[in-house]
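Taking it in order: structure first as structure tokens, then the write-up.
The values are calculated or read from the model by the stated rules, or taken from the named source; none is laboratory data. Just so it is clear, the structure is predicted and the values come from calculations on it, not from any experiment. We place every Cβ from the backbone using ideal geometry, glycine too, and count neighbours over all the protein chains shown. What goes into the accessible areas is simple: the full protein's heavy atoms, side chains included, and nothing from ligands, DNA or RNA. Shrake-Rupley method; radii C 1.70, N 1.55, O 1.52, S 1.80 Å.
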Amino acid sequence: QKVTPAQLELLQGSSVAAVASGSQRLTEMAEALQQLAVKVINGTEHLSDAQHTVLHSIKEDMEQIMHSASLDHDEDQHEVDGARDAILACNFSTSHTSDKEEATAQTEKDHASCRSEEAEMAAAKKGACSFCHYASENMEMPKCLPGPEEHCDQMEDYLGALKKQIDTLTSMHTTLTSEHEKCVEAETALIEQVHKCNQSQALFEMTFCSQRLAVLNGCQSYEECRSEKIKARKEIHAAVQITEVGRKAEYTAANHIKCLVEVFGAPAKEQPDKLKECDNFKIDTSKYDIVYHDIPPAVDCDTGSVKEHPCTVEWLTKHYKVQDWYDMVQLAACIPCGPFP
């Protein structure tokens, strides 16, 4: 229950102006009690039972103010701590990119493995399809025989030569057919591998672009989050600084008033010294100091890993052209990343 102007009037024995709120109200109350204490000590004023009741109520009010000061201080400190923690929480806006990095690394590894296998298969296909060159160096085509009419008197020899030629051609046909089938098989396998690797390449490039987008979005979100929370911190600090000053003033005034109220409860001979103690009253309010934290340093949002991206010259060189398999494979057209907003 707060002391009303009427209660102060009762204490002073005269009219009292309207009482202001907060520390100003308490300051006016302290002045009124100071004047009343001097009158009581000088014997020009005697307290009634009603005034003693009001004094007791005032003391309880002051004790409540002193108790609330601690609770209010803790709440304000928690709010200031929360403003700092909110800025620190922005640091987690880039943490999810690690999963993207792992996915990109895996798809690049899978693509490189596929291309290495493709290079081996290209070499195998080249070997399997070189039978024409082999035939030209290792197979001699039989000379064509003249018509049988020229060898009617030597038909047996002619037939023997013809059979030999047929056997030679049959053998060449069998060999060349087998080599051709090997070539077709190797060529078909290579075509399938190229298709598989092209899909792997596309997946790698799209995954890299997804990682790039996550990194750039993460950094942008981090900057926006940090800017917003720093602004909120400034507003919170400004508001808490005002309440901190007011709280300390109220706490000091409440202690002073409590001291003055206790003057009236002291034996008459002790009242002058007790009032002097109140006049020299000093209270340490350092326990109600608010700790205002500095703005946490910004995290370096590194975009270096995605500075070069699919289809740029530097990226193609790093991820494709320097690889052992590059000159032996058929890369698909590169898929560029979309524009970043």
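General observations
- Distance from the range 74-88 to the range 161-176 (C-alpha centre basis), Å: 95 Å
- Gaussian network model of the chain, Cα within-10 Å springs - most flexible of Tyr251, Tyr158, Tyr326: Tyr158
- For the listed residue pairs Lys229/Lys307; Lys100/Lys231; Lys196/Lys307; Lys248/Lys276; Lys234/Lys287, the alpha carbons are over 26 angstrom apart in Lys229/Lys307; Lys100/Lys231; Lys196/Lys307.
- Remark: relative contact order (the chain) = 33 percent; criterion is Cα-Cα distance under 8 angstrom and separation of 6 or more residues.
- Taking 29 Å as the straight-line reach from the Cα of Lys164, the lysines in range (excluding those fewer than 8 positions away in the same chain) are Lys143, Lys182.
- Taking only protein heavy atoms and a 1.4 Å probe, the accessible area of the chain is 54% carbon and sulfur.
- Using distinct alpha-carbon pairs, which all enter the 1/r mean, Kirkwood radius of the range 298-341 in Å: 12.4 Å
- The sum of -39500 (n - 2.57) across all DSSP H runs of n ≥ 4, divided by the residue count of the chain, sets its helix-only mean residue ellipticity at 222 nm to -24500 deg cm²/dmol.
- Extreme residue, positive dipole direction of the range 188-274, given options Thr207, Gln220, Thr188 (C-beta unit charges): Gln220
- Gln35 sits among other residues whose Cβ lies under 12 Å from its own Cβ, and their net charge, with Lys and Arg +1 and Asp and Glu -1, is -2.
- Membrane-span-like helices of the chain, defined as complete DSSP H segments with a Cα extent of 27 Å or more along the helix axis and a mean Kyte hydropathy of at least -1.0, are identified as 22-42, 49-89, 155-265.
- Each other residue within a Cβ distance under 14 Å of Val215 adds +1 if Lys or Arg and -1 if Asp or Glu, for a net charge of -4.
- The listed residues Cys278, Cys144, Cys311 rank as Cys144, Cys311, Cys278 when sorted by accessible area, largest first, using a 1.4 Å probe.
- Positive-pole candidate from Val291, Gln106, Phe281, dipole of the chain, charges at beta carbon: Phe281
- Cα centroid of the range 103-132 to Cα centroid of the range 286-341, whole Å: 28 Å
- Local electrostatic count, Asp294, Cβ distance below 12 Å [Lys/Arg +1, Asp/Glu -1]: +2
- Taking every protein chain into account, the accessible area of the chain amounts to 60 square angstrom per residue (probe 1.4 Å).
- Sorting the segments 328-336, 116-124 by their residues' average number of neighbouring beta-carbon atoms within 10 angstrom, most packed first, yields 116-124, 328-336.
- Simple point charges give the picture: +1 on the Cβ of Lys and Arg, -1 on the Cβ of Asp and Glu, and for the chain a dipole about the Cα centre of about 1500 debye.
- Ranked packing of 106-114, 298-306, most packed first, by mean Cβ within 10 Å: 106-114, 298-306
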